[in-house]
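What follows is one structure encoded as structure tokens, with my remarks underneath.
The values are calculated or read from the model by the stated rules, or taken from the named source; none is laboratory data. All values reported here derive from a predicted model rather than from experimental measurement. Backbone-built Cβ (ideal geometry, glycine too); neighbour counts: all protein chains shown. Note: accessible area is taken over every heavy atom of the protein model, side chains too, but ligands, DNA and RNA are not part of it. Shrake-Rupley method; radii C 1.70, N 1.55, O 1.52, S 1.80 Å.
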Amino acid sequence: MPALVLLGAQWGDEGKGKATDLLGGSVDYVVRYQGGNNAGHTVVVGDQKYALHLLPSGILTPECTPVIGNGVVVDPSVLFSELNGLNERGVDTSKLLISGNAHIITPYNVTVDKVTERFLGKRKIGTTGRGIGPTYADKINRVGIRIQDLYDESILTQKVEAALEVKNQLLTKLYNRRAIEAGQVVEELLGYADRLKPYVADTVLILNEALEQDKVVLFEGGQGTLLDIDHGTYPFVTSSNPTAGGACTGTGVGPTKISRVIGILKAYTTRVGSGPFPTELFDEDGEALRRIGGERGVTTGRDRRCGWFDAVIARYATRVNGLTDFFLTKLDVLTGWEEIPVCVAYEIDGKRVEELPYSQTDFHHAKPVYETLPGWSEDITKAKTFADLPKNAQAYVKALEDMSGAPISAIGVGPGRDETIEINSFIQ
Ligand code: GDP
Ligand code: IMO
Ligand code: MG
């Protein structure tokens, strides 16, 4: 059985954690391939709720090996506090594997993230402030620190000194901050080395060997398609590739090994941070979606911006990821609306446009063209099959499927593992 990718089809927070956890029971490896602790994935198992940031959601399934791939950026202090939190709740985390090529989020990367945002003022991205962008920038600038560097003090010291040479100029001369002392950073990083050591592995080799032995490997994306550095709403994006290609570069597994790409799609839309969002609502409906959907960030506690479903975005996600299926989440949140508007196209400067415009200017001008679908009032949280859904809910799902360009293979009707309607099995 080849590999599967599970990723966000909108602006993040679609319910990837729940979907990954659900599939965890049938897969051997769950692998994060990009991003870092900017992610916040909520998993509800029975009466227990877990908020995962850096660890793959497969960590909650004992049979599954969780892997942090080379494309991820790792803040060791966050990793340890997440591991401690899970261990205290009785979760065994000893199977975790971390790529030695993954880059480390250093304390100075976190500082640079925060001061850059402050400096941008009104033009800020609204980052999570976790040092994600500056760490990827260091990686691309070839001044990044990798996990494996923790095991060669001389190389680590040289690299930290080189990275700080430029950063300290910026911090002291531009941002009016104190310089950061290389020796202190090296000491802090070396302090993580022993505890990290048992997890560090050649994950590229391990995953490729697993696939040769017909093991099932699931790649779990952080963030979402529209937050992708190449395909998202740049510059209001994250600094990595959550889209399907990122699963290959972020793990060292070739595209020919991937048989299925599942897009997690919320039955409405949310976004955190700055940037364009055509279907955003500023009225009671937006407030109601936020309240009923519990739309508050898991990582930063910020309220999420809320709006109606946008089929233009879903079609775009199908295209840039080569989606084979959708997992539609949070359908239950829409229960109670008499009518539900769905954005089917945009109007841009007086013209109807069916597909996402590549131009930032056009996207900023995009106004949603809505079609209104009839709502339902019956409680759907106990539905186990598609036929259990009220007729109007069935029609809503079918309409979204027709507009979005890939079959909907599962529907979330509540946050719990069992609150899911499975239509087609993802793993055969
Ligand atoms: P992620 O970042 O994509 O993993 O998503 P988040 O965990 O940040 O946000 C999704 C939220 O929706 C979490 O609180 C989930 O527990 C919850 N959730 C996921 N699927 C469903 C669903 O089908 N219905 C409801 N009501 N909540 C869901
Ligand atoms: P999950 O995995 C929603 C957003 C931030 C900001 C932008 C850049 O839970 O879906 P960054 O700190 O990454 O440089 O911030 O991206 N963002 C997310 N929004 N869900 C996430 O993760 C996000 N991770 C980053 O709010 O707008
Ligand atoms: Mg989230």
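Take peptides 213-224, 385-396 and line them up by average Cβ neighbours within 10 Å, highest first, as a rough protection proxy. Intermediate values should be presented prior to the final figure.
On the way: 213-224: 24.4, 385-396: 15.7.
So the peptides 213-224, 385-396, ranked by packing, come out 213-224, 385-396.
How high is the relative contact order of the chain, given as a whole-number percent (alpha carbon pairs under 8 Å, six or more residues apart)?
20 percent.
Rolling a 1.4 angstrom probe over the protein heavy atoms, how many square angstrom per residue are accessible across the chain?
Working: 17850 Å² over 428 residues.
Accessible surface, normalised per residue, equals 42 Å².
With +1 assigned to the C-beta of every Lys and Arg and -1 to the C-beta of every Asp and Glu, and no other charges, what is the dipole magnitude of the range 103-198 about the Cα centre in debye, to the nearest 20?
On the way: 16 positive and 12 negative charges, 147 e Å.
With only Lys, Arg, Asp and Glu charged at Cβ, the dipole is about 700 debye.
By how many degrees, 0 to 90 and rounded to 10, does the Cα axis of helix 76-88 deviate from the longest principal axis of the chain?
60 degrees
Provide the net charge surrounding Gly297, with neighbours chosen by a C-beta distance below 13 Å and charges set as Lys +1, Arg +1, Asp -1, Glu -1.
Result for the local shell: +4.
What is the helix-to-structure angle for 182-196, meaning the angle in degrees between its Cα long axis and the longest Cα principal axis of the chain, kept from 0 to 90 and rounded to the nearest 10?
Once rounded, the angle reads 70 degrees.
Please report the antiparallel percentage of the DSSP beta bridges confined to the chain, to the nearest 5.
40 percent
So for the range 103-198, taking the charge dipole from beta-carbon charges (+1 Lys/Arg, -1 Asp/Glu), which of Gly129, Ala163, Leu189 sits furthest toward the positive end?
Projecting each Cα onto the dipole axis, the largest value belongs to Gly129.
Cross-link list Lys215/Lys382; Lys139/Lys197; Lys49/Lys367; Lys49/Lys382; Lys124/Lys173; Lys16/Lys114: which exceed 29 angstrom alpha carbon to alpha carbon?
Details: Lys215/Lys382 33 Å; Lys139/Lys197 22 Å; Lys49/Lys367 38 Å; Lys49/Lys382 19 Å; Lys124/Lys173 21 Å; Lys16/Lys114 27 Å.
Pairs exceeding the cut-off: Lys215/Lys382; Lys49/Lys367.
Please give the calculated 222 nm ellipticity per residue for the chain, where each DSSP H segment of at least 4 residues contributes -39500 (n - 2.57) and the sum is spread over every residue; nearest 500 deg cm²/dmol?
-9500 deg cm²/dmol
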